[in-house]
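**Student:** One structure is given below, represented as structure tokens, and several questions about it will come after.
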Amino acid sequence: MIDLLIIRSNIYTPKGTSALKGRGTRKIHHISDGAIGVKDGVIVDVGKTGELFEKYRGAKEIVDAKGRALLPGFVDPHTHAVFVGTRENEFKMRLEGKTYMEILNAGGGILSTVKRVREASREELAKDLVEKARTFLSYGTTTIEAKSGYGLDFENEVKMLEAIKIADKESPLDFVPTFIGAHAVPLEFKSDKEKYIDIVINEMIPYVAENRLAEFIDVFCEEGVYTPDETLKILEAGLKYGLKPKIHSDEIKSIGCTDLAEKVKVYSCDHLLKLDSSGLDALKKSGTMATLLPGTAFSLKEGFADARRLIDNGVGVALATDFNPGSSYSESMPSIITLGVLLMDMLPEEAFVASTLNAACAIDRGKSIGSIEVGKQADFILLKENSYLFIPYHYGVNPIFETYKRGRRVAHPTDC
Ligand code: NIG
Ligand code: FE
């Protein structure tokens, strides 16, 4: 007997276990009057209502979707979700003319959140993260990548990653942890960055990897933060310990960070607002995913990444929130899809694929999540309306009717 049968839905999904690219990025499959069967948290059947109802009329639970769209849960492959405190004062400073980097260089920005996070206990961070996870789930996100990077010393980076582990156990949301000790240069090492890099490489990376606290390693490669050479050194050190590399690349200035994709196996280059042609070549040649974060460009009032050019050049594109208290304070993938479609010239199908299957591939989860297919985890959402098109079309409201994680209903947002 199966645990759950959803009937009478409009199923929309990409298919496969690897990233869709080029014109393939717009390929989604539709089953009208569709049904799915779930057992032990896994999708065991997908088809027409008539056919599945015959087979599974004895299912433990049967849900009539009444024509609502059924989509894979969103995957958010780039967040800085572990933090306490907000930075609305800096938001105001930016609106009044200060730049993001001016605020960081004056000891604010990431460094203000570092101060707050260092004061918090592991348990406080975990509790707060479980609360944030509820918001992610209610906006249809069922898996997020979550980074450290507000500790910037051994004890506090480890504390952040342990908080992710606790939240992963306590919340239905799945977390994929990333170590980003090189997220900024801590104030106490302002005049000795070399020494800090040495600590990241020789103390933090071995401990984080040996204790399985992170799966990925990331670096904020940026003018005035970490150079491409420093980034390469840190990523290679991580790779030696089995940590999978990612890069914050070409967010504020283009200094050659994306070129690294040809030198080391990078799972994704993220941001790419200032991507140049040599960076584009590196992405094409290496087959590296581009994870675009339109919420950041929107909130920083910067030009958007050129999604069209990337897709048309055959680069796999994923979308993410970059959820953080500085440059993009939103947990909402539906808002990100809206920005992708209305301000980045992406087709609705491309933005949908970029938020599901391609997003799963950006964090090496293409085999288990990101589509509605037999054998994949039963992470899915029902929309209030009958098509994915309503996400960007009916913008600015929550389109989610219900979120299911491993076949269990975990959110039912009530606003309309
Ligand atoms: O991706 N730029 C680096 N990191 C984040 C921002 C983090 C913060 O401002 O707290 C980003 O934009
Ligand atoms: Fe980021």
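The values are calculated or read from the model by the stated rules, or taken from the named source; none is laboratory data. Just so it is clear, the model here is predicted, and its values are computed rather than measured. Quick reminder, even Gly has a Cβ in these numbers, built from the backbone with ideal geometry, and neighbours come from all protein chains shown.
**Student:** Filter the range 267-307 for residues that are without any contact (Cβ under 8 Å) to a residue 40 or more places away in the chain, hydrophobic (A, V, I, L, M, F, W, C) and either away from ligand 1 (no atom under 16 Å from the Cβ) or in contact with a Cys (Cβ under 9 Å, 6 or more places away or on another chain) (or both) and give the result.
**Tutor:** Within the range 267-307, Cys269, Leu275, Leu280, Ala282, Leu283, Ala290 qualify.
To keep it simple, each residue is scored yes or no on (1) crowded, with 24+ Cβ neighbours inside 10 Å; (2) in a loop (DSSP other than H, G, I, E, B).
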| residue | (1), (2) |
| --- | --- |
| Leu152 | yes, yes |
| Asn156 | no, no |
| Lys169 | no, no |
| Gly181 | yes, no |
| Val200 | yes, no |
| Met204 | yes, no |
| Tyr207 | no, no |
| Ala214 | yes, yes |
| Gly224 | no, yes |
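**Student:** I'd like the full set of residues that are hydrophobic (A, V, I, L, M, F, W, C) and away from ligand 1 (no atom under 16 Å from the Cβ), limited to the range 334-350. Even if it seems obvious, please write down each step before you answer.
**Tutor:** As a first pass, look at the range 334-350 and keep what is hydrophobic (A, V, I, L, M, F, W, C): 336-337, 339, 341-344, 346-347.
The answer is Ile337, Val341, Leu342, Leu343, Met344, Met346, Leu347.
Yes/no matrix, rows are residues, columns are (1) of a type in the set (Phe, Trp, Tyr); (2) touching a Phe, Trp or Tyr at 6+ places or on another chain (Cβ under 8 Å):
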site	(1), (2)
Ala360	no, no
Arg365	no, no
Gly375	no, no
Leu382	no, yes
Asn386	no, no
Phe390	yes, no
Tyr393	yes, no
Arg406	no, no
Val410	no, yes
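**Student:** Restricting the search to the range 183-198, which residues are more than 13 Å from Val114 (Cβ to Cβ) and either touching a Leu at 6+ places or on another chain (Cβ under 9 Å) or crowded, with 19+ Cβ neighbours inside 10 Å (or both)? Let's see the steps before the verdict.
**Tutor:** Just the residues of the range 183-198 that are more than 13 Å from Val114 (Cβ to Cβ), to begin with: 191-195, 197-198.
Ile197 - this is the single residue of the range 183-198 that is more than 13 Å from Val114 (Cβ to Cβ) and either touching a Leu at 6+ places or on another chain (Cβ under 9 Å) or crowded, with 19+ Cβ neighbours inside 10 Å (or both).
**Student:** Let me ask another. Within the range 20-28, can one find any residue that is in contact (Cβ under 8 Å) with a residue 12 or more places away in the chain and in contact with a strand residue (DSSP E or B) (Cβ under 7 Å, 6 or more places away or on another chain)?
**Tutor:** yes
**Student:** Moving to a separate point now. Any idea which residue in the range 204-256 is nearest to the chain's Cα centre (by Cα), counting only those that are more than 19 Å from Glu157 (Cα to Cα) and of a type in the set (S, T, N, Q)?
**Tutor:** Across the range 204-256, the extreme among qualifying residues is Ser249.
**Student:** Does the range 370-390 include one or more residues that are under 14 Å from the mean Cα position of the chain (by Cα), part of a loop (DSSP other than H, G, I, E, B) and within 21 Å of Ile311 (Cα to Cα)?
**Tutor:** Of the residues in the range 370-390, the ones under 14 Å from the mean Cα position of the chain (by Cα) are 370.
Pick out the ones that are also part of a loop (DSSP other than H, G, I, E, B) and you get 370.
Subset that is within 21 Å of Ile311 (Cα to Cα): 370.
Looking for residues that are under 14 Å from the mean Cα position of the chain (by Cα), part of a loop (DSSP other than H, G, I, E, B) and within 21 Å of Ile311 (Cα to Cα), one finds at least one in the range 370-390, hence yes.
**Student:** Are there any pairs, at least 6 apart or on different chains, whose C-beta atoms fall under 6 Å, with the first in the range 155-173 and of a type in the set (Val, Ile, Thr) and the second part of a helix (DSSP H, G or I), and if so, which?
**Tutor:** Ile166/Ala126
**Student:** So which of Asp250, Asp259 is in the same structural domain as His80 (by TED's automatic domain parsing), within 16 Å of ligand 1 (Cβ to nearest atom), touching a Ser or Thr at 6+ places or on another chain (Cβ under 9 Å) and among the charged types (D, E, K, R)?
**Tutor:** Asp250 is the lone residue from the list that is in the same structural domain as His80 (by TED's automatic domain parsing), within 16 Å of ligand 1 (Cβ to nearest atom), touching a Ser or Thr at 6+ places or on another chain (Cβ under 9 Å) and among the charged types (D, E, K, R).
**Student:** A further question on this structure: So Ile2 passes all but one of these: (1) closer than 25 Å to Leu310 by Cα; (2) surrounded by 19 or more Cβ atoms within 10 Å (Cβ to Cβ). Which condition number does it fail?
**Tutor:** Result: Ile2 passes all but (1).
**Student:** Out of Val75, Val42, which single residue is buried (at least 20 other Cβ atoms within 10 Å of the Cβ) and more than 16 Å from ligand 1 (Cβ to nearest atom)?
**Tutor:** Among Val75, Val42, only Val75 is buried (at least 20 other Cβ atoms within 10 Å of the Cβ) and more than 16 Å from ligand 1 (Cβ to nearest atom).
**Student:** Hey, another quick one. For the range 296-312, which residues satisfy the criterion of being within 14 Å of Asp345 (Cβ to Cβ) and crowded, with 17+ Cβ neighbours inside 10 Å?
**Tutor:** The answer is Ala297, Phe304, Ala305, Asp306, Ala307, Leu310, Ile311.
**Student:** For the range 17-40, which residues satisfy the criterion of being at positive phi and in contact with an Asp or Glu (Cβ under 8 Å, 6 or more places away or on another chain)? Walk me through how you get there before you give the answer.
**Tutor:** The first filter runs over the range 17-40 and keeps only residues at positive phi, leaving 22, 33, 40.
Gly22, Asp40, listed by residue number.
**Student:** Right, here's the next one. Kindly evaluate Val341 against the criterion of being within 16 Å of Ala318 (Cβ to Cβ), of a type in the set (A, V, I, L, M) and modelled with pLDDT of 95 or more.
**Tutor:** Yes, satisfied.
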